[in-house]
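S.K.: Quick one: structure below, then a few questions.
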Amino acid sequence: MSLVLIIAGTGTAPSLGCSRSPSLPPLAEGPDAPQIPGKFVWHNLVTSDGEAARAFYGALFGWEFEVVADGRYSIISYQGRNLGGIIDASKDGKPLQAAHWLSAVSVEDVDRTVIAIEEAGGKQLEAPIDVPGVGRVVTVRDADGAAFHLLASSHGDPPDADPDVHTWLWHELIANEPERAVTFYERVFGYRVEQLRKNPTAPYRVLWSSGGPRAGVIENPFDTTKSAWIPYVRVDDPGALAARVTELGGFVVVEPQADIRDGTLALVLDPSGAPVALQKWSPDMELDP
């Protein structure tokens, strides 16, 4: 799943809402779903223009939105399934260095994990908050500078299943210091790390937990960009959607190419500059860098 990409640096961002967070739907259906520590279970787009983001992602993926909290937050859904949210930083007058997606890692205890993160060289970026209907959440930064959420769900996590088209497929950490990053995630989250060997000149490490692969880690090929987590959306035709991205005001960083995942991958920026990957995938495909 490795790729060449250009991404903007990210700044400090709010979490699943803010101190005035609205009540949100639970992550899992039913009251007794188990937690799946290490799994990415929620995704927030932090942007300065929520209306433009809704127009872009609605047209590109068919996502639907419920706008709450006076427009500060929008719940993203697709075919009845909740996928994440959009945080409109402009509603609270908060400066935003660059729009970006923040993915949330499931943990059993947010406060205990924050301590482990700081001991491993990471940083807590805000005070934890309790989001009604969801759980306890905080935004943190890993030892290599990439920001993400911790989330201890109050009603369990979504079960593992093959992702539907136009829903989240994968997560990739573009790390300036991949060895340091991998050590951090091993230490804090207990991920088991496997290195794919098909391309030894560009090491690709897969983070495993709770019985499944959760993310990949590759070295950031650009000196002028910061480490960041990139979310992947499963699509049927990355080329056609990349063309739509341009029509909708976004930017195509990497078009589908035969030498990158056999033409199944595109990397794009939405109109506010947030990176997201488009990946054609089927359950019988191998995890191949």
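The values are calculated or read from the model by the stated rules, or taken from the named source; none is laboratory data. Source: prediction; values computed, not measured. FYI the Cβ positions are ideal-geometry reconstructions off the backbone, even for glycines, and counts take in every protein chain you see.
S.K.: Output the residue which, of all residues in region 225-249 that are aliphatic (A, V, I, L, M) and assigned to a helix (DSSP H, G or I), is nearest to ASN44 (Cα to Cα). Working first, answer last.
M.R.: Taking region 225-249 and keeping what is aliphatic (A, V, I, L, M), we get 228, 230, 233, 235, 240-243, 245, 248.
After this cut, where a residue has to be assigned to a helix (DSSP H, G or I) as well, the list is 240-243, 245.
Working: ALA240: 25, LEU241: 21, ALA242: 21, ALA243: 24, VAL245: 20 Å.
Ranking the qualifying residues of region 225-249, first place goes to VAL245.
S.K.: If you check SER282, SER272, which single one turns out to be part of a loop (DSSP other than H, G, I, E, B) and surrounded by 14 or more Cβ atoms within 10 Å (Cβ to Cβ)? Lay out the reasoning, then the answer.
M.R.: Values: SER282 fails: surrounded by 14 or more Cβ atoms within 10 Å (Cβ to Cβ).
It is SER272.
S.K.: Now a separate question. Can you tell me which residue is modelled with the lowest pLDDT among those in region 128-161 that are polar (S, T, N, Q) and in a strand (DSSP E or B)? Walk me through it before giving the result.
M.R.: So in region 128-161, the residues polar (S, T, N, Q) come out as 139, 153-154.
Checking which are in a strand (DSSP E or B) leaves us with 139, 153.
Working: THR139: 97, SER153: 93.
Within region 128-161, the match that is modelled with the lowest pLDDT is SER153.
S.K.: Now for a different question. In region 41-69, which residues are in contact with a Lys or Arg (Cβ under 7 Å, 6 or more places away or on another chain) and on the phi > 0 side of the Ramachandran plot?
M.R.: ALA69
S.K.: Additional query: If you take the residues of region 53-85 that are free of Cβ contacts under 8 Å to residues at least 60 places away in the same chain and in a helix (DSSP H, G or I), which of them is farthest from TYR232 (Cα to Cα)?
M.R.: ASP70
S.K.: Separate question: Looking at (1) touching a residue at least 60 places away in the same chain (Cβ under 8 Å); (2) touching a helix residue (DSSP H, G or I) at 6+ places or on another chain (Cβ under 8 Å); (3) surrounded by 19 or more Cβ atoms within 10 Å (Cβ to Cβ), find the lone condition where PRO256 falls short.
M.R.: Result: PRO256 fails condition (1) only.
S.K.: Checking the conditions here, which among VAL131, VAL165 is at negative phi and buried (at least 17 other Cβ atoms within 10 Å of the Cβ)? Please lay out each step first, then the result.
M.R.: Details: VAL165 fails: buried (at least 17 other Cβ atoms within 10 Å of the Cβ).
Just one listed residue meets the conditions, VAL131.
S.K.: Among the numbered criteria (1) closer than 19 Å to ALA28 by Cα; (2) crowded, with 22+ Cβ neighbours inside 10 Å; (3) β-branched (Val, Ile, Thr), which single criterion is violated by VAL140?
M.R.: (1)
S.K.: Right, something else. Just to be sure I understand, how many residues within region 104-127 are more than 14 Å from TYR185 (Cα to Cα) and either assigned to a helix (DSSP H, G or I) or without any contact (Cβ under 8 Å) to a residue 40 or more places away in the chain (or both)?
M.R.: Counting residues in region 104-127 that are more than 14 Å from TYR185 (Cα to Cα) and either assigned to a helix (DSSP H, G or I) or without any contact (Cβ under 8 Å) to a residue 40 or more places away in the chain (or both) gives 5.
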